[in-house]
Amino acid sequence: MARRARRLGSRRAGGGAGAAPANGDPGPDSARAADADASVGVDAVGSRTPGDFGAAARAPAISWRRNLYAIVAAQTLAIIGFSLRVPFLPFYVEDLGATTVGEQALWTGLINAGGAGVMAITAPIWGVVADRRGRKRMLLRAAFAGAVTVSLMGLATEPWQLLALRFVEGALTGTVTAATALVAAGTPKERLGYGLGMVQTAVFAGASLGPLVGGLLADQIGYRPTFVMAGAMLAASGLIVLFLVRERFVPPTPAVEAGLGRIGRFRAASRGTAALVLGRTMLTLIGTLLVVRMAAMAVQPIMPLFVEELAPEVEDTSSLSGLILGVLGVTSAAAAVYFGRLGDRIGHRRILLGCALGGGLLYLPMAAAQAPWHLLVLLALFGVTAGGLVPSANALIARLTAPERRGAVFGASAAAASVGAFIGPLVGAGIAAAFGFRATFVATAVVLLLLAAAIALGSRQSAVGSRQ
């Protein structure tokens, strides 16, 4: 009887049937548990806290790969939906009452910049909320809010209504930031470059297909029905996330914040994030995202008009502009996966410097383009460099940030990117109005080359500091 009690106590202490055999080899349940841990990756802030460990261990494993591929599919649809309007927006504004080329460029710049300006304010707030409430919720909010606002744009009767809807869109959306934070939280550290590269591939793929499909739809079915199609794509994106993406999220409750109220915890989290973001290395990385977004957005409002100037005999200008803008996304999408994996092996900082320098050098000859195909080739090459910049910067940001802070830090980086998207169209349209379309490309090249110099200087200082 005593021996039976000792065997029973030993079985309970060892975890029952799942305990390792006496010879020390792991049993089948142990192997399955190890596989489950590997599939979970680094996800769910607080999911491994002592009070929740038993529940987390009993819950089904979350496959980070399944989540990643579902998010990639959802992001591709979402970015296509947001990008459908790009090639025909100046002409839609013309239908709404902007009759001169200058008015079209100005309204298009304001509309593109308006949402980005509001997002620069709201993105850090949503990032802190993501760390407290969960990243999947933020992705759902962004997708369904985008579905509503973009669909309503098809009902606009004056340009200011489009601008107002862009403000609402900027305040409530931000699918890229939410998806990036969700993937960064749920992907193993050694695969961060690959995971974030896949997200950026989805962004670039959507950005390439969106203008192309949008131009074709605008020429075939009209501007207003195209907005409805865009809203449907965003709704489909949200449904993919709702039904296929899983997140086991437990909000962190650090001891230092345990006695604080909700507002106090929010302020404490904001102060901690600010201290992290204001570090020299983090500022350089966030500045990279700002400049890359600004460079891409600076030429968007003028591209359809510049193409029309280069090829006045072409009737379907929307389709041609969509093709030119779309090829950038195709090459970027392919490059993002390659550079993401390469950065995991050789270091993301090298990729960052080389791509910034290459991007600046490629923008200069765009100012001398004499035909649309010149822009097509040069933007395709620039897309290769852009495909390395964003995943590398995001991977470095994720590596520098604790998991429980990633939502807030990626919110701050999204705010910087939104500032770039806000400045880019305004500056690009302003320079084009004052000095001509070609001057916009020269100014963008100079900014990218200055970014490369800043990255090189930061890398040199880091090397010197490590030797000392």
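If we keep just the residues of the stretch 71-112 that are of a type in the set (Asp, Glu) and modelled with pLDDT of 90 or more, which is surrounded by the fewest Cβ atoms within 10 Å (Cβ to Cβ)? Filtering the stretch 71-112 for residues that are of a type in the set (Asp, Glu) and modelled with pLDDT of 90 or more, the one surrounded by the fewest Cβ atoms within 10 Å (Cβ to Cβ) comes out as ASP95.
This table checks each residue for (1) of a type in the set (S, T, N, Q); (2) surrounded by fewer than 24 Cβ atoms within 10 Å (Cβ to Cβ); (3) more than 19 Å from the chain's Cα centre (by Cα).
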| residue | (1), (2), (3) |
| --- | --- |
| SER332 | yes, no, no |
| GLY347 | no, yes, yes |
| GLY387 | no, no, no |
| VAL390 | no, no, no |
| ASN394 | yes, no, no |
| ALA398 | no, no, no |
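Screening the candidates ALA164, ALA116, ALA145 for the property of being surrounded by fewer than 20 Cβ atoms within 10 Å (Cβ to Cβ), within 21 Å of the chain's Cα centre (by Cα) and in a helix (DSSP H, G or I) yields one hit, ALA145.
Across the stretch 199-216, the qualifying residues are those that are surrounded by fewer than 24 Cβ atoms within 10 Å (Cβ to Cβ) and modelled with pLDDT of 85 or more, and the one among them that is nearest to the chain's Cα centre (by Cα) is VAL213.
Here's the yes/no breakdown for (1) modelled with pLDDT under 95; (2) under 17 Å from SER418 (Cα atoms):
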residue: PHE144; (1), (2): no, no
residue: ALA147; (1), (2): no, no
residue: THR173; (1), (2): yes, yes
residue: VAL176; (1), (2): yes, yes
residue: THR180; (1), (2): yes, yes
residue: ALA185; (1), (2): yes, no
residue: LYS189; (1), (2): yes, no
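Pairs meeting the criteria (first residue in the stretch 349-360 and of a type in the set (D, E, K, R), second residue part of a helix (DSSP H, G or I), beta carbons under 8 Å, at least 6 apart or on different chains) are ARG349/SER392; ARG349/LEU396; ARG349/ILE455; ARG349/SER459; ARG350/GLY343. Residues that are buried (at least 21 other Cβ atoms within 10 Å of the Cβ) and either in contact with a Pro (Cβ under 9 Å, 6 or more places away or on another chain) or acidic (Asp, Glu) (or both) within the stretch 349-375 comprise just one, ILE351.
For the stretch 89-111, filtered to residues that are assigned to a helix (DSSP H, G or I) and among the polar types (S, T, N, Q), the residue that is farthest from the chain's Cα centre (by Cα) is GLN104.
The values are calculated or read from the model by the stated rules, or taken from the named source; none is laboratory data. Quantities reported herein were computed from a predicted structural model and do not represent experimental measurements. With ideal geometry, Cβ positions are generated from the backbone for all residues, glycine too; neighbour counts draw on all protein chains shown.
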